[in-house]
Every structure is written in C-alpha cells, then in structure tokens.
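Colleague: I have a structure here, written as structure tokens, and I will follow up with some questions on it.
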Amino acid sequence: MDNQEKRLQPPLLFLVFNRPDTTQEVLKAIRAQRPERFYVACDGPRDGRPDEREAVHKVRQVIAEGVDWPCNLQTLYRDTNLGCKKAVSSALDWFFENEEAGIILEDDCLPHPDFWRFCGELLDKYANDERVFMISGDNFQEGKRVNEDSYYVSALTHIWGWAAWRRSWQKVDLDLSGYDEWVQRGGLKRLFGPGRWERAWKRTFERYSQGRYNTWDYPFLFAAWKHGQYALLPSVNLVSNIGFGHQGATHTTTDVYHGLSRISMEAMPFPLRHPNQWKHQQSADIRTLRSKMFPSPALKLWRLLIFKLHRYGGLSFLFVRARRSS
C-alpha cells in the first residue's frame, strides 16, 4: 500500500448490536479492506431479553475472532442498553473525539468494494469545504442517472454506509434547537418546495420531538439543513441493507412498502468525475421522497400486492383469502 492509499484509507466505526449473522457478513467486507484504525461500538442487551443477551455476546465473539489483521482496534461495549438514539450518538461522540474524519457502517450495511475508495477520496477533497456535511454510499434513484458525474448534491443524509468529519458531527443537537424558527423562515420550502413534502417532514420531526422515534438520524439530518450544508450521494448504489426482516432488527423490521431491502450494488468508475457546477439536485431528492421515504397510499398498496404475489406464488392468495372470508 503506497502513501496515497494510506492517506485515503479513513478510520472506520462499526456499529453492532444483536445480529451475529449480518455482523459477520459485513465484517467479511471490512476484513477485505483491513482498516488500520478500527472502532467497534456495541449497545448492551435490553432488560428482560435473555435471548438478546446471548445474541449480543455472539456478536462480540464475531468481532474478537474476526479481526485477524494488524490494526489499532478500539471497542466501546455497553453493559446496559442505552437504546438506538443514545447508543449511536455516544458512539459517534467517542469516534469523532479520536478522529478528524472517518467512515461509519452499521451491522446490516454491506458495502461494495468501491465504497471505501469513494469515501476516502471525497473525505480528502472536501475536508475543508463547508458546503459538504457528509458523504453517503446510498443511491435510491432506481437506475435513473441524476447527472454525468460520479456523485450529486443532495439534501438527504442517507446513513446506510456514510462518512463525515468531526466538524459535521459537532453541529448535531439531539434536541433540535432552532428547528421551529428554521421552519418558520421557510427552510423546508426552500429545500423541497411547499405542499406534500413540507407536511411530511413536519409530521416526522413532530413525532421525533414527541419521543416516538428513538433515533439520532433526524437531528443529524436537521444539522445539515440548519447550517446550509449538503450530502454527496454516489451515482451508483454502493451499500446494500441486508437487515430488513431480521428478528433482531430495531427499525428495519419490514420492507413491504419502501423497496429499500437489498438494493443491488454497482461498481464505481474511477477516477471520479467531479461536478463542474455546485447544484442541489432537488428533483432527485423528491424522487427519493416519493418512492422510498414517503410513498403514497397507492404506491404502498401496489408494493403490498407485489409482496403478496411473491410470497404466495401468484394470485392464489386472493382465492385463499376469499374462501376464508366466505
């Protein structure tokens, strides 16, 4: 490995919990890259869940046995359960206290081999560019090209495989300070236009404020919006979520309606082609909102039908339902 490759090999934070099988699959992809600075954070098992205590123990065994390359391995293993919001945010605090920049992967986010180089090059290129908040490995455009470049500018901070700098994480406030004022000044309208998407985001952040979402990613997203910064999303999908429907999943318990499970990955052509003009690709973001994040009832119904057809092998399930109700 030459000096250029070493400089572009960022440290990695691996967020794990209670899924030894997906952890092992993602760790295999990590092992192929052999990061020199490797951080692993694991929340503790929830009370009253003896099965989870065993699962968490197995996950930590996977790490102990699977990290077999020379590296500086640091672990943050909790004895008690903090929940997704506190466990992940505190792990990110820990990581960015020790590193200026790096890559973050969760235990169900399987990266393409090109993901590492893509993140490394952009972390280096935009290290001091305050327009950029984070770099994602996710592309949810369903094969539609946004531009002719290797990535595009987005207001959506997708976090299934991502990279960022300490300067970005330091802006995150879990209490969403300044949110109401920012919305009143037309922040949501400027990013996504008035109407459906503004209402959808208001509902989402209202539920977060009510404590209905035990997560950290909405404050992360708002921090980018509040400070006028954007995400860089690849022109091809570089990370696939393999955790939907897993019995240990916390949020990705089903993918009947959104079409986000195991999205295929593609190779990223190198050298990277950088945009000549800085432009927020609002139409691409709205395509993602419409298709993946806030699908309409009609689209949800259609995807449910396709799911049923796939599960029951054709239209037979309709007749089964009819017989049961008669």
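The values are calculated or read from the model by the stated rules, or taken from the named source; none is laboratory data. These numbers come from a predicted model, not from an experiment. Backbone-built Cβ (ideal geometry, glycine too); neighbour counts: all protein chains shown. Ligands, DNA and RNA are stripped out before the accessible areas are found, and what is left, the full protein with its side chains, is counted by its heavy atoms. Shrake-Rupley method; radii C 1.70, N 1.55, O 1.52, S 1.80 Å.
Colleague: I need the full set of residues from segment 29-51 which are outside any loop (DSSP other than H, G, I, E, B), touching a residue at least 12 places away in the same chain (Cβ under 8 Å) and not small (Gly, Ala, Ser), in order please. Quick ask: steps written out before the conclusion?
Modeller: Our first condition is that a residue be outside any loop (DSSP other than H, G, I, E, B); within segment 29-51, this holds for 29-33, 37-42, 50-51.
Pick out the ones that are also touching a residue at least 12 places away in the same chain (Cβ under 8 Å) and you get 29-33, 37-42.
Of everything in segment 29-51, those that are outside any loop (DSSP other than H, G, I, E, B), touching a residue at least 12 places away in the same chain (Cβ under 8 Å) and not small (Gly, Ala, Ser) turn out to be Ile30, Arg31, Gln33, Arg37, Phe38, Tyr39, Val40, Cys42.
Colleague: Another question about this same structure. Between Leu318, Leu289, Leu304, which is more than 22 Å from the chain's Cα centre (by Cα) and either at pLDDT 90 or above or open to solvent by less than 80 Å² (accessible area, probe 1.4 Å) (or both)? Lay out the reasoning, then the answer.
Modeller: Details: Leu318 fails: either at pLDDT 90 or above or open to solvent by less than 80 Å² (accessible area, probe 1.4 Å) (or both); Leu289 fails: more than 22 Å from the chain's Cα centre (by Cα).
Testing whether each residue is more than 22 Å from the chain's Cα centre (by Cα) and either at pLDDT 90 or above or open to solvent by less than 80 Å² (accessible area, probe 1.4 Å) (or both) leaves just Leu304.
Colleague: Failed condition for His251, given (1) within 19 Å of Leu174 (Cα to Cα); (2) modelled with pLDDT of 95 or more; (3) of a type outside the set (A, V, I, L, M, F, W, C), with all others met?
Modeller: (2)
Colleague: Another one. Do you know which of the residues in segment 70-127 that are open to solvent by 50 Å² or more (accessible area, probe 1.4 Å) and of a type in the set (A, V, I, L, M) is farthest from the chain's Cα centre (by Cα)?
Modeller: Among those residues, the one meeting the criterion is Leu73.
Colleague: If Arg199 satisfies all but one of (1) more than 30 Å from Val16 (Cβ to Cβ); (2) touching a residue at least 60 places away in the same chain (Cβ under 8 Å), what's the number of the condition it fails?
Modeller: Answer for Arg199: the failing condition is (2).
Colleague: May I pose another question? Taking segment 121-141, which residues are in a strand (DSSP E or B) and closer than 16 Å to Leu13 by Cα? Spell out how you get there, then give the answer.
Modeller: Pass one, segment 121-141, residues in a strand (DSSP E or B): 132-136.
Scanning segment 121-141 gives Met134, Ile135, Ser136.
Colleague: I would also like to ask the following. Could you tell me which residue of segment 1-22 is most open to solvent (accessible area, probe 1.4 Å), considering only residues that are at pLDDT 95 or above, within 23 Å of Asn98 (Cβ to Cβ) and not hydrophobic (A, V, I, L, M, F, W, C)? Walk me through it before giving the result.
Modeller: From segment 1-22, those at pLDDT 95 or above are 10-22; that's our starting set.
Now narrow it down to the ones that are within 23 Å of Asn98 (Cβ to Cβ): 10-17.
Right, trim to not hydrophobic (A, V, I, L, M, F, W, C) and you get 10-11.
Numbers: Pro10: 24, Pro11: 6 Å².
Top of the filtered list is Pro10.
Colleague: Which number in (1) at pLDDT 95 or above; (2) in contact with an Asp or Glu (Cβ under 8 Å, 6 or more places away or on another chain) marks the one condition that Ala224 misses?
Modeller: Failed condition: (2).
Colleague: Hey, another quick one. For segment 142-164, check the following and say yes or no: at least one residue is part of a helix (DSSP H, G or I), buried (at least 18 other Cβ atoms within 10 Å of the Cβ) and not basic (Lys, Arg). I'd like the intermediate steps shown before the answer.
Modeller: Of segment 142-164, the ones part of a helix (DSSP H, G or I) are none.
No, segment 142-164 contains no residue that is part of a helix (DSSP H, G or I), buried (at least 18 other Cβ atoms within 10 Å of the Cβ) and not basic (Lys, Arg).
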